[in-house]
Amino acid sequence: MKATALSPQRRVNMHLGAVSNLELSIHYGDYNMTSKLKPTLGAIHLWGIAVGLVISGEYFGWSYGWGVAGTLGFLITTALIATMYTCFIFSFTELTTSIPHAGGPFAYSRRAFGETGGLIAGLATLVEFVFAPPAIAMAIGAYLNVQYPDLNPKYAAVGAYLVFMGLNILGVKLAAMFELLVTVLAVLELLVFMGVVSPGFSLSNFATHGWSGSDTFSMSAVSGIFAAIPFAIWFFLAIEGAAMAAEEAKDPKRTIPKAYISGILTLVVLAIGVMLLAGGAGDWRKLSDINDPLPQAMKMIVGEHSNWMHMLVWIGLFGLIASFHGIILGYSRQFFALSRAGYLPPALAQLSRFQTPHRAIIAGGVIGIAAIFSDGWINLQGMSLTAAMITMAVFGAIVMYLMSMLSLFRLRRIAPAMERTFHAPGYPIIPAIALVLSVVCLLAMLWFNPVIGGLFVALMIIGYGYFLMTKAQRANAPEDPMLLGRE
C-alpha cells in the first residue's frame, strides 16, 4: 500500500488487517477516537433491532389517528402507509447493503448528492430519532402510571432515559441481545392481546362512527384520512434505523436483507391485527386520545382486575422499551456518523472504552429529557406532547425517505458499477411508488401541521447555518472512503 502524507490534524495510525476489519485510530483536532465500529451483529440481532425500533408504534400513538379519521378512515390511511413502507424497505435495502455505513441515509445522500445532500438527510434522520424517544418515554410513564397512580409519568420517563442510555453505553452486543429479548416478548404479547380480545370483537363496534366520527363517508372523511398520516406512519416509523447498525453487522450484504424483509412483514401483520381487534372491542372513541389504548381496550373485554390486564401492562412495557432502547442506539450512531464526518462537533464522535459513542448517547438524552419537561408550558397546535413529538419525528422521517429514494435513483445513474448484492425488486416502479407516496405524505403533513412543520424547517435552517460555518471542520475530518465511493 502506498503511504500518503496527512496533515497534523488528520494523522492516521493504520493497524493493517483484513480490509473489512480495518480500524483507524484518529487524532481529530483535540480528540482521539476509533473511527470504525466493531462488527458483532447477526441477522437475528438486526431483525430484533428493526422490529424493536418500531414495535412501540403498535402499543400507542397510532390511536390518535382514530381521533381525526375514525376507524374506517384510518384503516385506509394505514393501508396507504403500509404500501409506502413496504415499497420503501425493499428499495432502501439496496442502499443499506451497498453502503453499510453507520450514517445510514446520511451516507447514501452524501454519496449521491454531495455534502449538502448528506446534510439534509442527516439532519432529517437526527430529528426523527431524537424526537421519537421522548414520546415513547412518556408512554412508558403512562403505562407505569396505570399500575402506580402516584408515580409521576415524567419522572418515570427520565428514569427510562437514564437506564437505557447506560445500557447502550455498555456495548452494542449487550444492547442488541437485550433488544432481541424484549422485542420477542413484545411480539408475543401483541399476539396474546389479539387472542384475548378477539372473542369480544364486534364489526359494528369498529365501524360505528368510522368516517371521522360519522357513519357515512363524506369529504370531511377524506380530510381526516390525510390528517391521520403521521399516526399511521407511527406504526412503522424508524424501521430504517437498523441501517445505522450496518457497520456493526457481520456480513451486512447478506444479513440486512433478511432482517429488513422479515421485519416489515412482521410489522404489517401486527399493525393490522392490533388496530382491527382494539377497534372492535368497544367504543373506540374512548381509545383515540390516550397513551395506553391496548390496556384500555382489553379492559373493555376482561375487566379492570383481570390477570390478563396486569400481564398486558407489564409485558406491554417491553414493546415500549424495545423501541425506546433501539432508537437510542439509532440516534447515537447518527450523531456519531455526522460528527465523524465533520458535520457536528468532533467530540460527539469519541468512543468509550466499550467502543460505543457515549457522548452521542448522552447528547440525545439531554435533548429528550428537556422535551419531556417542556410538557405543560409548550403547546403546539393544541396537541399533547406525545402527539407533537410524533408529528415532529414524522417530518424528519418523511424528508429522509425522500432523500433516500432520490439517492437510489441517482446512484443507479452515476454509479452503475457500484457493488449491489441486493437489487430493489421492480425497479424503477417500486422505488417510484415509495417516492410518490412520500411526497404525498409530506404535502399532507405541511397542510395539516403548519406550526410543527415550521419548527422543523427552522431546525433544518439552523443546521444549515452551522454547516456553512464549519467547512474547515469537514475538511479536517478523517477521510471516509465509503462516503466518497472509494471502498
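Quick notes on this structure:
- Spin-label model distance (nm) - R410 vs A79, 7 Å beyond Cα toward Cβ: 3.5 nm
- Globularity ratio of the chain, using Cα Rg and 2.2 N^0.38 Å: 0.95
- Shown for the chain: lysine pairs separated by 8 or more places, or found on different chains, whose C-alpha atoms are under 13 Å apart, numbering 5.
- Using R0 = 41 Å, the C-beta based FRET efficiency linking A475 and S202 works out to 0.05.
- Residue-averaged [θ]222 nm for the chain, counting only DSSP H segments that reach four residues, each worth -39500 (n - 2.57): -22500 deg cm²/dmol
- Separation of the stretch 140-158 from the stretch 271-316 is 18 Å, based on Cα centroids.
- Distance from the Cα centroid of the stretch 317-333 to that of the stretch 338-360 is 19 Å (rounded to whole angstrom).
- Residues of the chain were split at every exposed loop site, defined as trypsin sites (Lys or Arg not before Pro) in a DSSP loop with at most 11 other C-beta atoms within 10 angstrom, and the longest piece left, sites excluded, is 3-352.
- Placing pseudo-labels 7 Å out from each Cα toward the beta carbon at A432 and F217 gives an inter-label distance of 2.7 nm.
- Sites T421 and L191, calculated FRET efficiency, Cβ-Cβ separation with R0 30 Å, nearest 0.05: 0.35
- Taking amide H as placed 1.01 Å from N in the peptide plane, L41 has its amide H under 5 Å from the amide H of A249, K250, each at least 5 places away in sequence or on another chain.
- Net length available on complete extension from L484 to N152 is 114.6 nm, with 0.36 nm assigned per residue and the Cα-Cα distance removed.
- Judged by the ratio a/c of the largest to the smallest principal axis of the C-alpha gyration tensor, the stretch 344-487 counts as oblate, that ratio being 1.5 or greater while a/b is no larger than b/c.
- Scanning the chain for long hydrophobic helices, with DSSP H runs required to stretch 20 angstrom or more by C-alpha along their axis and to average at least -1.0 on the Kyte-Doolittle scale, returns 64-98, 105-147, 153-169, 172-197, 252-279, 307-340, 358-373, 385-414, 429-448, 450-469.
- Comparing Cα centroids, the stretch 55-85 and the stretch 413-487 end up 25 angstrom apart.
- Charge dipole (the chain, unit charges on Cβ, about Cα centre) - positive-most of A132, I461, G316: I461
- R0 of 25 Å, Cβ-Cβ distance H310-L162: FRET efficiency to nearest 0.05: 0.45
Each reported figure results from applying straightforward, stated rules to the coordinates on display, with no laboratory input. If you're wondering where the values come from, they're calculated on a predicted model, not measured in any experiment. No Cβ is skipped: glycine too gets one built from the backbone with ideal geometry, and neighbour counts run over all protein chains shown.
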